[in-house]
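The values are calculated or read from the model by the stated rules, or taken from the named source; none is laboratory data. What you are looking at is a predicted structure, and each value in this text was computed from that prediction instead of being measured. Cβ sites come from the backbone with ideal geometry, for glycine too, and all protein chains shown count toward neighbours.
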Amino acid sequence: MTHPHQNILRRLLAVAGSIAVAATALASAPAAAHDEGEPSLRARYHFTVPDHWKNDPQRPVVIDGVLHYYYLYNGDYDADPTSNHGTEWRLATSTDAVSFADQGVAAPKKTNANYDLWSGSVVVDHANTAGFGAGAVVMLVTQMDHPTPAQTGNASGQQAQFLWYSVDGGRTFRPDGDQPVIPGEGRRDVRDPKVVWDEERGQWVALIAERDRVSFYTSHDLRTWTRVSEYVDDDMGTIECPDLFRIRADDGTWHWVMGVSANGYATGEPATFAYWTGAFDGTTFVPDDPAPQWLDHGFDWYGAVTWEDPAAPMDQRLAIAWMNNWDYAHSAPTWASDGFTGTDSITREIRLSARSDGYSLVSQPVAALADHATRTVRLGDVTVDGFRELGYTGDAYQLTTRVSRQDATNIGIQLRRSADGSRHADAGVTQDYAYLNRGQTDHPPSWKVESRTPFDDASTVELRILVDRTTIEMFVDDGRYTHSSQVFAPAADQGLALYTSGGAAVFQDVEITEFADLAQRPARVIADFEGAAWGEGWTATDGLAATAPTPSDLRGQVGAKVADTYAGADSATGVVTSPPFTIDRHTLHFLIGGGDNPLGVEPATSVQLLIDGSPVRSATGEDSAQLRPVAWDVRDLAGRTAQLQILDDNTGEWGHLMVDHVILSD
């Protein structure tokens, strides 16, 4: 007697054998090819979008020990600022907030009637307050409320807040219908909801940016919201990306901090992340001082988000920002050289420090950055009286030094210096202020060339400077003042020099650290099942031969369609098989629902990974219409040619499968 598994295996081999074995590259939006004739400008150790465009970071959450970092992504970006193709949420994961792994699009645009997705925030709903299940990841996000075609073209539709949810640990999201949970009610700018859990009062709190104010809402279920207060500031242009958190200062006292991304140029301030320390009673925030402080004084630290540091949740937060400015957002040379526009700051550790005049946030690069060091150059103490070029070249490194100013009235460092000395960015300190000047090198088309912060006339100053191909970040002393700006130096400008004026200074313990190349490998979509047919190179047999991806609305589904072998009845049988692809990432992810009929127990409903026509991994449903996540570790198959196959041999109840969102990622 033949074992049932052998019958199934023969069928699999027959179908697989009919398909060419040559590997086929399957990808939805591969990283744009780098022009081999030009040097790459992609940052080595800062986060960059794999391809096309990114802007606002979205506050990360930690799930099962893994940081999930979301951001606004536009895979249709074409560098034309007059066109709007819409953003969606893309996901990258990390264990240290420095090195990231791309996981592809987590919340695709055009999934519901509200077109694209803008900024918002996600929370882990441990207590199932929203009804998606305990531990579901819930997103409150800005979309346009049923925009017309004309409104989608110019992004002018009514803004409102909508719920999306994830039942696969935050990897993918599905909209909870098309209706807003917080309507826009005719207000022009009403966006960027930031949701926090108010432990003391057992409620959710949402901050929403509304042009010249931040509005506060409360809820017990993430669905029904009550507007309870607003904080108005009409000196900061259009307020965006609010934030709210409670933190313990270094003197042991507790404080609330509210932050926003805003334009302070009208009052001589930056256009980065403004914040206030103060008190919050569950409905109203009251600042200690109505004048904001700024977490960064450079020109390119915008849309910042902060999140709790799991290692020190009461005393420290982490933060990351988009290193760009809407005044010149589309001018980055990385588009021409590498096919992308979108670089983030290094992740920072944020603490609240007691000062003689109140409390201020201080920041430094996250400690885990040191784990990626590949080379250290120690130059020791260097005395400078005027100018001294160092025997080091590079375009991606960290420089640290403690400067004894002695008689010097101005001390500084020339970064990205050209061979003839005509181009360089200057980071330094005078008797009155610290500065970062990009005016003597290529930079975005802007009058914003030198940023300044106060500096007491101290005898020593500690400088920590991060340089990475198109960016410079400068941390002064304990990080009370920081400067982050884009600097578009020619690739060949890699010199480094020290200078003083008014006398000599000693640059003590000069140390240069280089880091590993941390650029992500883009996730590869093997199948999203969103087309009118299975896709190029796919085959289907028997009762599935005339089928195609099916419009559906399943719990956990991604996009508008899935692969569904029901085909009008459970009596339909057959196999659907992908063209060959190369295993070149660590994990194969997909979503599966339907019948619990595993491979090897005929008749089966099963998804399998084929190598040389034989199944090496398989999964089946759980007699449920909910799509559940499956992740296969395929590192042992690296470099092999594989195929994905959906088998339906079953004609009984639950004799079908639903499959969606097949993706290879690290």
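Listing for the model above:
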item	result
Top-ranked residue in the range 338-363 [being outside any strand (DSSP E or B) and without any contact (Cβ under 8 Å) to a residue 60 or more places away in the chain; ranked as surrounded by the most Cβ atoms within 10 Å (Cβ to Cβ)]	D357
Members of the range 206-246 that are touching a residue at least 12 places away in the same chain (Cβ under 8 Å), β-branched (V, I, T) and surrounded by fewer than 22 Cβ atoms within 10 Å (Cβ to Cβ)	T218, T224, V228, V232, T238
Residue that is farthest from G133 (Cα to Cα) [pool: residues in the range 626-639 that are assigned to a strand (DSSP E or B) and of a type outside the set (A, V, I, L, M)]	D633
Test: residue in the range 494-512 that is in contact with a Pro (Cβ under 8 Å, 6 or more places away or on another chain), in contact (Cβ under 8 Å) with a residue 12 or more places away in the chain and part of a loop (DSSP other than H, G, I, E, B)	no
V305, sole failed condition from (1) within 21 Å of the chain's Cα centre (by Cα); (2) under 30 Å from E38 (Cβ atoms); (3) crowded, with 17+ Cβ neighbours inside 10 Å	(2)
Residue tally, condition acidic (D, E) and within 23 Å of the chain's Cα centre (by Cα), over the range 268-302	2
Exclusive hit being touching a Phe, Trp or Tyr at 6+ places or on another chain (Cβ under 7 Å) and at pLDDT 95 or above, set A101, A136	A136
Test: residue in the range 518-540 that is crowded, with 18+ Cβ neighbours inside 10 Å, closer than 30 Å to V382 by Cα and touching a His at 6+ places or on another chain (Cβ under 7 Å)	no
A321 being part of a loop (DSSP other than H, G, I, E, B), touching a residue at least 24 places away in the same chain (Cβ under 8 Å) and of a type in the set (A, V, I, L, M)	no
Filter pass, W118 being in the same structural domain as N55 (by TED's automatic domain parsing) and either among the aromatic types (F, W, Y) or in a loop (DSSP other than H, G, I, E, B) (or both)	yes
Scope the range 581-625; condition touching a His at 6+ places or on another chain (Cβ under 8 Å), outside any strand (DSSP E or B) and closer than 22 Å to W538 by Cβ; matching residues	G595, L599
Qualifying position, being touching a strand residue (DSSP E or B) at 6+ places or on another chain (Cβ under 7 Å), acidic (D, E), on the phi < 0 side of the Ramachandran plot and crowded, with 19+ Cβ neighbours inside 10 Å, among D192, D176	D176
Subset of the range 48-97 (residues that are modelled with pLDDT of 95 or more and of a type in the set (A, V, I, L, M, F, W, C))	V49, W53, V61, V62, I63, V66, L67, L72, W89, L91, A92, A97
Subset of the range 552-580 (residues that are assigned to a strand (DSSP E or B) and either more than 29 Å from the chain's Cα centre (by Cα) or in the same structural domain as W164 (by TED's automatic domain parsing) (or both))	D564, G574, V575, V576, T577
